[in-house]
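Trainee: Pasting a structure here, questions to come.
The values are calculated or read from the model by the stated rules, or taken from the named source; none is laboratory data. All of these numbers come straight from a predicted model, not from anything done at the bench. Please note: Cβ atoms are built from the backbone with ideal geometry, for glycine as well, and neighbour counts cover all protein chains shown.
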Amino acid sequence: MLRPGRHLLLGNEACAEGAIRAGCRFFAGYPITPANEISHRMAAELPRVGGYFLQMEDEIASIAAVIGASWAGAKAMTATSGPGYSLMQENIGYAHMTETPCVVVNVQRSGPSTGQATLPSQQDIYQAKYGAHGDYEVLALSPWSVQEMFDLTLRAFNLAEKFRTPVMLMTDGLIGHIKEKIVIPEEVETTERRKPAGEACTPFGTDDPCLVPEMPRFGDGYKLLVTGSAHRPTGVRDYTPMYHQMKVNRIREKIMIAIDEVSDVVKTELDDAEVVVISFGASARPSYGAVKKARKDGIKAGLFRLRTLWPFPEKLVSDLVDDAKTVLVVEMNVGKLAKEVERVACGRSKVASVAKIGGVLPTVEEIYGSIRRFA
Amino acid sequence: MMPAKPLSYYRDKYIRNQPSAFCVGCGNGTILNCFTRAVDDLEIPPEKILCVSGIGCSAWIPSPNFNGDTLHTTHGRALAFATGAKAFNSDLTTVVFTGDGDGAGIGGNHLIHAARRNIDITTILVNNLSYAMTGGQIAPTTHRGERTVTSPYGNPENPFDMTRLAAAAGATYVARWTTWHVLELTRSIKEALQHPGFAFIEVLSQCPIQQRRMFGMQDPIHRLPNRILEMFEESTYIRKRPEPMGYRYAVPKEFPDKAFEKINEALRRYEASTRIVDHMELGRVVKIEAEEDEDVWGALANLEAVERISGPLEGKIELGLFVKEERPEFTDTLRRIIRDSGGR
């Protein structure tokens with residue numbers, strides 16, 4: 001674990017440092033490019049703080065081990081990229097159903113399939129939201145710098161523990177593999193999961209308005225029934241419609257009632273902006289450059305950068321489209337977030353898209369050109 | 001010797017008050033019974049036991065029945081979930097219940113790797129030779145030629161021998177029993193729970209619902225559990241235990257009853273006892289027990305109704321303890337790494 005202060009770090013290394021500072025003491029993973037440096041650093045650093053690093057036989061086993069460790073009381077994480085992320089989906093669904101706090105890092109690479117294994121993309125953002133079968137709400141964060149790899153990994157753990165839910169850190173091969181200066185703070189704020197106060201506990205139901213039940217751990221005498229099948233608040237398997245509705249509605253609502261708290265956006269030059277660029281992660285970097293360039297040329301452009309991708313900050317985006325002439329969504333996929341923006345804009349403003357695939361960033365010039373066209 | 005405890009003792013102490021979800025005559029109840037007796041004999045507090053299971057009938061043995069911590073996971077992945085829990089808290093006595101579909105099919109990869117790591121988990125693989133919960137499809141353990149809903153013309157595949165697979169993968173305790181062998185199974189579970197490493201027990205178990213078709217048994221369903229259990233006894237032998245050899249099986253050409261009649265006629269002059277038995281490999285056959293070996297078998301040599309005479313051990317499944325050895329245990333090693341790196 002690095003000392004507080006300034007360091008020159010790889011994005012993936014900053015992610016591992018953030019995790020350890022957040023209290024992560026269990027990591028299970030499987031080798032995959034471009035996420036490997038997270039495993040490397042966890043393997044080296046976790047034992048030194050009393051934590052466990054496991055290299056599992058595949059990504060399915062990695063997320064499974066993470067969930068098992070979480071129920072044994074660990075703050076736990078795994079990291080992977082596209083193909084591994086696909087393999088993890090079933091057990092991510094299990095984590096939703098069993099309300100298991102954990103952090104899943106997807107250092108996105110260009111797909112589908114093996115695709116461009118070493119090159120970045122933002123193609124998996126729908127998979128983060130809809131990857132597993134069934135209904136649930138997901139929390140997904142998107143860092144744009146090495147500093148944010150540290151900050152948002154820390155936040156991912158805090159959100160996971162607070163809401164008892166898997167949290168996705170949706171980064172990419174570019175942010176994971178750039179080296180930048182970061183500042184590690186003296187103190188960080190960490191969140192601990194709510195443990196049962198007394199001897200009795202309903203681990204899958206609560207009267208608390210936050211809708212997040214207390215979470216006991218194995219070995220503490222609560223005789224837990226944890227199951228991916230539909231269950232009563234006690235954990236007993238039960239397929240009656242009422243219990244299923246109660247469960248699925250609550251695990252969605254516990255996220256949605258906290259949307260203001262979990263939403264995290266950074267606004268640049270937005271006050272009088274006529275062309276609003278919406279972007280996130282790596283593609284927000286040239287977007288920022290393009291907005292600055294446009295301003296220099298007298299074009300009223302601004303940047304709305306999402307650090308929380310899911311749940312989608314509908315209200316904030318809705319307010320935005322009321323004031324903008326054009327919303328330009330910049331992303332490294334075929335235009336996925338643009339669809340979400342279109343849905344919220346509902347025809348109130350023009351929504352355009354800079355959608356770049358091929359494993360390369362959209363350039364400042366490309367984005368600037370689009371801003372000019374719509375100004 | 002300790003006085004026998006009533007069933008209600010085990011039920012009240014180890015079983016949640018749930019109606020059983022198992023079909024009548026299922027082997028799961030027997031296995032749960034053996035498990036609770038093993039736990040009780042060893043005086044392990046149930047709240048220190050974590051039972052992890054996957055998907056399928058076997059998964060319901062602990063969940064929701066066992067009155068300790070249970071983690072009922074996704075199909076085939078129980079061992080991977082258990083690995084995480086056990087690694088983080090090695091004080092948990094961790095037991096995985098899996099089936100042949102769950103543990104040999106979809107979860108086969110996790111099984112061999114858990115064995116390779118020698119992590120201190122007891123794995124009980126309930127082998128009912130099929131995917132029973134989903135309707136009796138072929139499993140990786142189904143014998144070649146068996147007819148199931150997905151092999152209506154006979155299974156074209158060859159089965160895994162799960163016990164030999166676990167041993168080859170590095171499990172340091174390996175045993176195989178059947179639901180007929182309840183005392184041996186209970187003793188084996190006790191040994192496995194005490195064994196500091198990956199312990200694997202395969203339990204051949206009856207499924208009257210799905211095995212009925214597989215074994216071509218025409219009886220009413222309530223007669224099947226006993227018939228299958230007796231077949232398990234007939235079709236197995238215990239390694240390193242002397243097996244009586246004064247018997248053979250006559251495989252009938254067509255009808256066992258007809259063969260039985262003809263054999264009895266042919267053996268009228270000899271001291272031999274005959275009866276029709278079920279045999280997993282040979283089918284419904286006539287078992288002939290006789291002292292004067294060669295003459296008896298000679299008298300059967302050219303019988304029209306008999307296809308062939310089979311030796312006592314032909315096609316039988318070997319039971320017993322296969323492996324018991326010590327190797328460094330995985331979570332011990334993880335803790336040593338932490339100590340050596342100054343972590344604790």
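Yes/no matrix, rows are residues, columns are (1) closer than 25 Å to residue B:30 by Cα; (2) in contact with a Leu (Cβ under 8 Å, 6 or more places away or on another chain):
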site	(1), (2)
B:82	yes, yes
B:85	no, yes
B:99	yes, yes
B:119	no, no
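Trainee: Let me ask something else. When you look at residue A:239, is it part of a loop (DSSP other than H, G, I, E, B) and either aromatic (Phe, Trp, Tyr) or buried (at least 17 other Cβ atoms within 10 Å of the Cβ) (or both), yes or no?
Mentor: Numbers: part of a loop (DSSP other than H, G, I, E, B): yes; either aromatic (Phe, Trp, Tyr) or buried (at least 17 other Cβ atoms within 10 Å of the Cβ) (or both): yes.
Against the criterion (part of a loop (DSSP other than H, G, I, E, B) and either aromatic (Phe, Trp, Tyr) or buried (at least 17 other Cβ atoms within 10 Å of the Cβ) (or both)), residue A:239 qualifies.
Trainee: Within region B:4-60, which residues are among the hydroxyl-bearing types (Ser, Thr, Tyr) and part of a strand (DSSP E or B)? Spell out how you get there, then give the answer.
Mentor: So in region B:4-60, the residues among the hydroxyl-bearing types (Ser, Thr, Tyr) come out as B:8-10, B:14, B:20, B:30, B:36, B:53, B:58.
Within region B:4-60, B:53 is the sole residue that qualifies.
Trainee: Looking at this structure, is residue A:46 closer than 17 Å to residue A:190 by Cβ, among the aliphatic types (A, V, I, L, M) and within 9 Å of another protein chain (Cβ to nearest Cβ)? Can you show your working first?
Mentor: Details: closer than 17 Å to residue A:190 by Cβ: yes; among the aliphatic types (A, V, I, L, M): yes; within 9 Å of another protein chain (Cβ to nearest Cβ): yes.
Yes: the conditions hold for residue A:46.
Trainee: Identify all residues within region B:43-70 that are of a type in the set (A, V, I, L, M) and out of contact with any Ser or Thr (no Cβ under 9 Å at 6 or more places or on another chain); write none if there are none. Walk me through how you get there before you give the answer.
Mentor: First, the residues of region B:43-70 that are of a type in the set (A, V, I, L, M): B:44, B:49-50, B:52, B:55, B:59, B:61.
None; the set is empty.
Trainee: Is it the case that residue B:55 is more than 9 Å from chain A (Cβ to nearest Cβ) and either in contact with a strand residue (DSSP E or B) (Cβ under 7 Å, 6 or more places away or on another chain) or at pLDDT 95 or above (or both)?
Mentor: Taking the combined requirement at face value, the residue does not satisfy it.
Trainee: While we're looking at this one, here's another question. Considering only region A:355-365, how many residues are surrounded by 15 or more Cβ atoms within 10 Å (Cβ to Cβ) and either over 20 Å from residue A:127 (Cα atoms) or aromatic (Phe, Trp, Tyr) (or both)? Outline the logic, then answer.
Mentor: Restricting attention to region A:355-365, the residues satisfying the condition of being surrounded by 15 or more Cβ atoms within 10 Å (Cβ to Cβ) are A:355-357, A:359, A:361-362, A:364.
Subsequent filtering for residues that are either over 20 Å from residue A:127 (Cα atoms) or aromatic (Phe, Trp, Tyr) (or both) retains A:361-362, A:364.
Adding up the residues that qualify gives 3.
Trainee: Out of A:217, A:194, report the one residue that is assigned to a loop (DSSP other than H, G, I, E, B), of a type outside the set (S, T, N, Q) and within 14 Å of chain B (Cβ to nearest Cβ). Lay out the reasoning, then the answer.
Mentor: Values: A:194 fails: within 14 Å of chain B (Cβ to nearest Cβ).
Testing whether each residue is assigned to a loop (DSSP other than H, G, I, E, B), of a type outside the set (S, T, N, Q) and within 14 Å of chain B (Cβ to nearest Cβ) leaves just A:217.
Trainee: How many of the residues making up region A:224-264 are within 10 Å of chain B (Cβ to nearest Cβ), in contact with a helix residue (DSSP H, G or I) (Cβ under 7 Å, 6 or more places away or on another chain) and among the aliphatic types (A, V, I, L, M)?
Mentor: Looking only at that region, the number is 1.
Trainee: Ok, one more. Residue by residue through region A:28-43, note down the ones that are of a type outside the set (Val, Ile, Thr) and more than 7 Å from every other protein chain (Cβ to nearest Cβ).
Mentor: Our first condition is that a residue be of a type outside the set (Val, Ile, Thr); within region A:28-43, this holds for A:28-31, A:34-37, A:39-43.
Answer for region A:28-43, where residues must be of a type outside the set (Val, Ile, Thr) and more than 7 Å from every other protein chain (Cβ to nearest Cβ): A:29, A:30, A:31, A:34, A:35, A:36, A:37, A:39, A:40, A:41, A:42, A:43.
Trainee: Here's a follow-up. Give region B:99-111 a look and list any residue that's in contact with an Asp or Glu (Cβ under 7 Å, 6 or more places away or on another chain) and either surrounded by fewer than 22 Cβ atoms within 10 Å (Cβ to Cβ) or part of a loop (DSSP other than H, G, I, E, B) (or both), or say none.
Mentor: Step one: of region B:99-111, the residues in contact with an Asp or Glu (Cβ under 7 Å, 6 or more places away or on another chain) are B:109-110.
Passing the criteria: only B:109.
Trainee: Can you say whether residue B:153 is among the aromatic types (Phe, Trp, Tyr), at pLDDT 95 or above and surrounded by fewer than 19 Cβ atoms within 10 Å (Cβ to Cβ), as far as the supplied structure shows?
Mentor: yes
Trainee: Do we have any residue at all in region A:311-328 that's of a type in the set (A, V, I, L, M) and farther than 28 Å from residue A:137 by Cβ? Give the derivation first.
Mentor: Here is the first cut: in region A:311-328, the residues of a type in the set (A, V, I, L, M) are A:316-317, A:320-321, A:324, A:327-328.
Within this subset, residues satisfying the condition of being farther than 28 Å from residue A:137 by Cβ are none.
No; the residues of region A:311-328 include none that is of a type in the set (A, V, I, L, M) and farther than 28 Å from residue A:137 by Cβ.
Trainee: Ok, one more. Considering only helices (runs of 4 or more DSSP H) fully contained in region A:71-176, which possess at least 2 residues that are closer than 21 Å to residue A:188 by Cα and at pLDDT 95 or above?
Mentor: Qualifying helices (runs of 4 or more DSSP H): A:146-163.
Trainee: Can you name the residue in region B:33-63 that is of a type in the set (D, E, K, R) and touching a residue at least 12 places away in the same chain (Cβ under 8 Å) and is also nearest to residue A:237 (Cα to Cα) among such residues?
Mentor: Let us first name the residues in region B:33-63 that are of a type in the set (D, E, K, R), namely B:37, B:40-41, B:43, B:47-48.
Then drop every residue that is not touching a residue at least 12 places away in the same chain (Cβ under 8 Å), which leaves B:37, B:40-41, B:47-48.
On the way: B:37: 25, B:40: 26, B:41: 29, B:47: 20, B:48: 22 Å.
Top of the filtered list is B:47.
Trainee: Which residues, counting only those in region A:26-38, are touching a residue at least 40 places away in the same chain (Cβ under 8 Å) and either assigned to a helix (DSSP H, G or I) or out of contact with any helix residue (DSSP H, G or I) (no Cβ under 7 Å at 6 or more places or on another chain) (or both)? Outline the logic, then answer.
Mentor: Of region A:26-38, the ones touching a residue at least 40 places away in the same chain (Cβ under 8 Å) are A:26-30, A:32-35, A:37-38.
Passing the criteria: A:33, A:37, A:38.
Trainee: I'm told residue A:32 meets every condition in (1) buried (at least 24 other Cβ atoms within 10 Å of the Cβ); (2) out of contact with any Phe, Trp or Tyr (no Cβ under 7 Å at 6 or more places or on another chain) except one. Can you identify the failing condition by its number?
Mentor: So residue A:32 meets the others, but not (1).
Trainee: A further question follows. Looking at region A:52-68, which of its residues are within 7 Å of chain B (Cβ to nearest Cβ), over 21 Å from the mean Cα position of the chain (by Cα) and not hydrophobic (A, V, I, L, M, F, W, C)? Please lay out each step first, then the result.
Mentor: Residues of region A:52-68 that are within 7 Å of chain B (Cβ to nearest Cβ), as a first pass: A:52, A:54, A:56-58, A:60-61, A:64-68.
Imposing the further condition that a residue be over 21 Å from the mean Cα position of the chain (by Cα) reduces the set to A:52, A:54, A:56-58.
Residues satisfying the conditions are A:52, A:57, A:58.
Trainee: Just to verify a result, which residue in region A:159-216, among those that are of a type in the set (Gly, Ala, Ser) and in contact with a Leu (Cβ under 8 Å, 6 or more places away or on another chain), is surrounded by the most Cβ atoms within 10 Å (Cβ to Cβ)?
Mentor: Among those that are of a type in the set (Gly, Ala, Ser) and in contact with a Leu (Cβ under 8 Å, 6 or more places away or on another chain), it is A:176.
Trainee: Determine if region A:330-351 includes at least one residue that is surrounded by fewer than 19 Cβ atoms within 10 Å (Cβ to Cβ), over 25 Å from the mean Cα position of the chain (by Cα) and among the charged types (D, E, K, R).
Mentor: The answer is yes, given that some residue of region A:330-351 is surrounded by fewer than 19 Cβ atoms within 10 Å (Cβ to Cβ), over 25 Å from the mean Cα position of the chain (by Cα) and among the charged types (D, E, K, R).
Trainee: Being over 15 Å from the mean Cα position of the chain (by Cα), among the hydroxyl-bearing types (Ser, Thr, Tyr) and either away from chain B (no Cβ under 14 Å) or within 20 Å of residue B:114 (Cα to Cα) (or both), is that true of even one residue in region A:88-98?
Mentor: Checked region A:88-98: no residue is over 15 Å from the mean Cα position of the chain (by Cα), among the hydroxyl-bearing types (Ser, Thr, Tyr) and either away from chain B (no Cβ under 14 Å) or within 20 Å of residue B:114 (Cα to Cα) (or both).
Trainee: Restricting to region B:298-344, give me the number of residues that are modelled with pLDDT under 95, surrounded by 12 or more Cβ atoms within 10 Å (Cβ to Cβ) and within 14 Å of another protein chain (Cβ to nearest Cβ).
Mentor: Adding up the residues that qualify gives 1.
Trainee: Ok, one more. So residue B:135 ticks every box in (1) under 29 Å from residue B:222 (Cα atoms); (2) touching a helix residue (DSSP H, G or I) at 6+ places or on another chain (Cβ under 8 Å); (3) not in a loop (DSSP other than H, G, I, E, B) but one. Which box is left unticked?
Mentor: (3)
Trainee: Does region B:99-111 include one or more residues that are among the hydrophobic types (A, V, I, L, M, F, W, C), closer than 24 Å to residue B:37 by Cα, in contact with a Gly (Cβ under 6 Å, 6 or more places away or on another chain) and within 14 Å of chain A (Cβ to nearest Cβ)?
Mentor: No, every residue in region B:99-111 fails to be among the hydrophobic types (A, V, I, L, M, F, W, C), closer than 24 Å to residue B:37 by Cα, in contact with a Gly (Cβ under 6 Å, 6 or more places away or on another chain) and within 14 Å of chain A (Cβ to nearest Cβ).
So that you can scan it fast, the table gives a plain yes or no per residue for (1) part of a loop (DSSP other than H, G, I, E, B); (2) at positive phi; (3) assigned by TED's automatic domain parsing to the domain that holds residue B:175:
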site: B:224; (1), (2), (3): no, no, yes
site: B:257; (1), (2), (3): no, no, no
site: B:262; (1), (2), (3): no, no, no
site: B:281; (1), (2), (3): yes, no, no
site: B:285; (1), (2), (3): no, no, no
site: B:303; (1), (2), (3): yes, no, no
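Trainee: Return yes when residue B:295 is within 14 Å of chain A (Cβ to nearest Cβ), part of a helix (DSSP H, G or I) and either in contact with a strand residue (DSSP E or B) (Cβ under 9 Å, 6 or more places away or on another chain) or of a type outside the set (A, V, I, L, M) (or both) and no when it is not. Working first, answer last.
Mentor: Working: within 14 Å of chain A (Cβ to nearest Cβ): no; part of a helix (DSSP H, G or I): yes; either in contact with a strand residue (DSSP E or B) (Cβ under 9 Å, 6 or more places away or on another chain) or of a type outside the set (A, V, I, L, M) (or both): yes.
No, not satisfied.
Trainee: Let me ask you something else. Can you tell which of B:114, B:80, B:87 is at pLDDT 95 or above, closer than 28 Å to residue B:182 by Cβ, of a type in the set (A, V, I, L, M) and outside any strand (DSSP E or B)? Spell out how you get there, then give the answer.
Mentor: Values: B:80 fails: closer than 28 Å to residue B:182 by Cβ; B:87 fails: closer than 28 Å to residue B:182 by Cβ.
Just one listed residue meets the conditions, B:114.
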